[in-house]
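See structure below.
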């Protein structure tokens with residue numbers, strides 16, 4: 001059995017939904033701190049702040065955890081990065097740790113920040129390493145939230161997490177540099193990953209989770225096609241993989257099934273119909289296991 005730490009807060013709902021879709025639903029009782037997953041591979045489950053999870057995984061309290069890459073780097077946790085997940089605290093995709101100043105500051109790049117400027121951030125270690133690397137001495141102030149609201153009255157510079165920069169701009173700031181990209185990541189304790197049984201359990205759970213994420217972006221199309229329209233319909237389908245084709249009994253029709261990107265479906269279906277396809281079905285996919 002493996003013990004798993006799942007993130008509380010901004011990553012919580014997306015992570016719990018992912019586990020539910022993977023048929024690994026996190027069941028909560030009267031106390032939310034000790035949920036369970038009914039799976040023979042999984043023992044203890046805890047929901048913790050993502051800032052804490054990398055260190056707890058490193059220390060062996062958990063065999064596997066989900067956190068942000070930003071917190072893995074900030075804590076310096078020595079863990080195995082097993083797989084990225086396609087979401088972050090602000091939605092799908094990646095987020096960025098950026099450097100920003102007030103829009104009235106006459107600078108547009110990090111190298112022009114004045115030495116000993118006051119810098120506020122929730123990422124003091126990442127920030128310290130970054131400014132040390134570029135050779136600018138700064139005064140660091142650990143922020144516990146709403147970092148963007150402290151510039152310019154209390155601070156000169158903010159290092160913050162953003163997806164589009166909208167919140168920073170709304171607060172009168174401008175981005176002048178980027179430190180790193182971050183995303184949600186599955187991590188594992190290094191010793192657990194060397195244990196054959198635990199590694200197998202971790203990899204099987206990861207396979208199910210990634211299968212759900214892969215399936216979210218694709219659908220199964222099924223259609224019936226007259227013999228005379230067969231070549232036209234096949235030529236209309238995306239060329240990534242050959243479709244499954246079978247002859248229908250007793251009629252001059254074929255049945256075609258293929259997996260396509262969800263974003264293509266709304267334009268693809270009319271094209272297939274125009275090419276001669278009939279009885280077109282769009283079927284959601286629960287998991288795709290490569």
Residue count, the range 17-50 (criterion: surrounded by fewer than 23 Cβ atoms within 10 Å (Cβ to Cβ), assigned to a loop (DSSP other than H, G, I, E, B) and under 16 Å from the mean Cα position of the chain (by Cα)) | 1
If you scan the range 6-38, which residues turn out to be under 19 Å from residue 207 (Cβ atoms) and in contact with a helix residue (DSSP H, G or I) (Cβ under 8 Å, 6 or more places away or on another chain)?
-> 6, 18, 19, 21, 22, 23, 24, 25, 26, 37
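Can you name the residue in the range 145-167 that is part of a helix (DSSP H, G or I) and out of contact with any strand residue (DSSP E or B) (no Cβ under 6 Å at 6 or more places or on another chain) and, of all such residues, is nearest to residue 128 (Cα to Cα)? Walk me through how you get there before you give the answer.
Kept after step one, since they are part of a helix (DSSP H, G or I), are these residues of the range 145-167: 147-150, 166-167.
Narrowing further to those that are out of contact with any strand residue (DSSP E or B) (no Cβ under 6 Å at 6 or more places or on another chain): 149, 166-167.
On the way: 149: 21, 166: 25, 167: 24 Å.
Among them, the one singled out is 149.
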Checking residue 167 against (1) at pLDDT below 95; (2) over 30 Å from residue 213 (Cα atoms), which single condition isn't satisfied?
-> (2)
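Out of the residues in the range 89-123 that are outside any loop (DSSP other than H, G, I, E, B) and in contact with a helix residue (DSSP H, G or I) (Cβ under 7 Å, 6 or more places away or on another chain), state the one that is farthest from residue 66 (Cα to Cα). It would help to see each step written out before you state the result.
Applying the first criterion (outside any loop (DSSP other than H, G, I, E, B)) to the range 89-123 yields 91-92, 95-102, 110-112, 117-121.
Those still in the list that are in contact with a helix residue (DSSP H, G or I) (Cβ under 7 Å, 6 or more places away or on another chain) too: 97, 99-100, 110-111, 119-121.
On the way: 97: 19, 99: 26, 100: 28, 110: 32, 111: 34, 119: 29, 120: 26, 121: 22 Å.
The extreme case among them is 111.
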Where residues in the range 124-137 are touching a helix residue (DSSP H, G or I) at 6+ places or on another chain (Cβ under 8 Å) and farther than 21 Å from residue 182 by Cβ, which of them is surrounded by the fewest Cβ atoms within 10 Å (Cβ to Cβ)?
-> 137
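Looking at 283, 288 in this structure, which one is touching a helix residue (DSSP H, G or I) at 6+ places or on another chain (Cβ under 9 Å) and at negative phi? Outline the logic, then answer.
Working: 283 fails: touching a helix residue (DSSP H, G or I) at 6+ places or on another chain (Cβ under 9 Å).
None of the others qualify; the one that does is 288.
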Across the range 51-73, what is the total count of residues that are on the phi < 0 side of the Ramachandran plot and in a loop (DSSP other than H, G, I, E, B)?
-> 6
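The values are calculated or read from the model by the stated rules, or taken from the named source; none is laboratory data. Nothing here was measured: the structure is a model prediction, and the numbers come from that model. Backbone-built Cβ (ideal geometry, glycine too); neighbour counts: all protein chains shown.
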